[in-house]
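Where a number appears in this text, it was derived from the coordinates with a stated rule and is not lab data. For clarity, every value in this text was computed on a predicted model and none was experimentally measured. Cβ: placed from backbone, ideal geometry, glycine included. Neighbour counts: every protein chain shown.
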Amino acid sequence: MLQPKYKRVVLKLSGEALAGPAGYGIDAAVIHSTASQIKEIVELGTEVGIIVGGGNIWRGVAGSSQGMDRATADYMGMLATVLNALALQDALENKGVQTRVQTSIEMRQVAEPYIRRRAIRHLEKKRVVIFAAGTGNPFFSTDTTAALRAAEIEAEVILMAKNKVDGVYDADPRTNPDAVKYQELSYLEVLNKGLGVMDSTAISLCMDNDMKIIVFNISEEGNIKRVIMGEDIGTVVRREQK
């Protein structure tokens with residue numbers, strides 16, 4: 001039996017990836033399909049930490065642009081990620097996958113508080129750990145959370161799961177048919193070209209910790225497993241090769 005290329009990963013799921021065709025809320029079919037793909041890689045022996053966004057329910061930046069206090073809007077966004085985390089936990093456990101939700105904002109009735117050593121212990125016991133509520137601080141995105149948690153738990157790679165986009169392009173492929181896909185990029189190229197892989201804080205954190213990023217399309221069934229097994233799909237972002 002072929003062994004997975006990566007032993008411990010962080011999977012970054014946007015809120016939009018859980019919303020389905022409607023573009024908002026939580027689509028039951030999508031979340032169960034995602035859970036099935038995650039179960040596949042857990043059964044291969046890969047340890048999985050997951051960061052979920054909340055854009056399918058609430059975006060802090062959008063609230064701020066409408067006159068709301070930015071910190072308050074961001075805290076609301078963090079709570080939206082908890083809703084997604086609990087929904088994903090339920091879908092995974094319905095498939096027999098042991099799961100823990102850890103939140104950066106304490107809410108002990110529904111989840112554990114984030115504790116690094118406890119998270120690592122869960123991973124070692126082959127439990128999926130879903131990290132919710134961002135970093136617990138306003139003004140930081142879930143992209144930055146993914147970079148931070150990946151460094152903290154000593155993951156080998158961040159899997160950036162995109163909805164209907166199979167990598168990083170020099171323009172939006174959904175609106176520009178001439179957009180060119182990158183197979184590989186350095187962190188500095190992402191920053192200098194303003195490519196929308198992650199926000200600049202997250203990319204800088206990945207660069208400081210030499211954390212590899214793979215951007216791929218989660219909408220295609222089985223793609224998480226393909227990435228874990230080392231297939232050449234999506235776009236790889238890493239330190240420039242000398």
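Each Lys or Arg adds one and each Asp or Glu takes one away; over the other residues whose Cβ falls under 9 Å from the Cβ of residue 118, this sums to +3.
Hey, could you grab the Kirkwood Rh for the stretch 125-242? Inverse mean 1/r over distinct alpha carbon pairs, Å, one decimal. All intermediate terms of the calculation are to be shown ahead of the outcome.
Working: mean 1/r = 0.0667 Å⁻¹.
Evaluated on the stretch 125-242, it is 15.0 Å.
Summed over qualifying helices (DSSP H, 4 residues or more, each -39500 (n - 2.57)) and divided by its residue number, the chain shows a 222 nm mean residue ellipticity of -11000 deg cm²/dmol.
In Å, the Kirkwood hydrodynamic radius of the stretch 154-195 over pairs of distinct alpha carbons?
Numbers: mean 1/r = 0.0851 Å⁻¹.
Across the stretch 154-195, the inverse of the average 1/r is 11.7 Å.
At what distance in angstrom do the alpha carbon centres of the stretch 21-89 and the stretch 122-169 lie from each other? Each part reduced to its Cα centre gives a spacing of 11 Å.
Work out how much length residue 28 to residue 5 would gain on full extension: take 0.36 nm times their residue separation and subtract the Cα-Cα distance, in nm to one decimal. Kindly include the intermediate steps, with their values, before the conclusion.
On the way: separation 23, 0.36 × 23 = 8.28 nm, distance 3.01 nm.
Length gained between residue 28 and residue 5: 5.3 nm.
For the stretch 1-125, the extents of the C-alpha atoms along the principal axes are 55, 35, 27 Å, listed from largest to smallest. Taking 116, 127, 108 in turn, the Gaussian network model of the chain (Cα-Cα springs below 10 Å) assigns the largest fluctuation to 108.
Using the crude model of +1 on Lys and Arg Cβ and -1 on Asp and Glu Cβ, and no other charge, please compute the dipole size for the stretch 58-144 relative to its Cα centre, in debye to 20. Let's see the in-between values first.
Working: 12 positive and 8 negative charges, 98 e Å.
I would put it at about 480 debye.
For residue 184, enumerate residues with amide H under 5 Å from its amide H, sequence gap 5+ or separate chain, H modeled in the peptide plane. Residues meeting the amide H criterion: 236. Rg of the Cα atoms in the stretch 8-238, relative to 2.2 N^0.38 Å, amounts to 0.95.
Report the local net charge at residue 16: Lys and Arg +1, Asp and Glu -1, summed over other residues whose C-beta lies under 15 Å from its C-beta. Each step should come with its number before you reach the end.
Working: positive: 12, 59, 162, 164, 174; negative: 27, 143, 172.
Net charge around residue 16: +2.
When the charge dipole of the chain is built from unit charges on Cβ atoms (+1 for Lys and Arg, -1 for Asp and Glu) and taken about the Cα centre, the candidate among 202, 113, 11 whose Cα reaches farthest toward its positive end is 113. Just checking the listed ones, 77, 54, 67: in the Gaussian network model of the chain with Cα springs under 10 Å, the one fluctuating most is 67. Think of the chain as a dipole: +1 on every Lys or Arg Cβ, -1 on every Asp or Glu Cβ, centred on the Cα centre; then among 186, 171, 138, 138 lies furthest on the positive end.
For the stretch 138-225, which trypsin sites (Lys or Arg not before Pro) are both in a DSSP coil and crowded by at most 15 other Cβ atoms within 10 Å?
Within the stretch 138-225, the qualifying trypsin sites (Lys or Arg not before Pro) (loop, at most 15 other Cβ atoms within 10 Å) are 164, 174.
Of the Cα atoms belonging to the stretch 1-58, the radius of gyration and Dmax stand at 13.1, 43 Å.
For the chain, the dipole from Cβ point charges (+1 on Lys and Arg, -1 on Asp and Glu) about the Cα centre works out to 680 debye, to the nearest 20.
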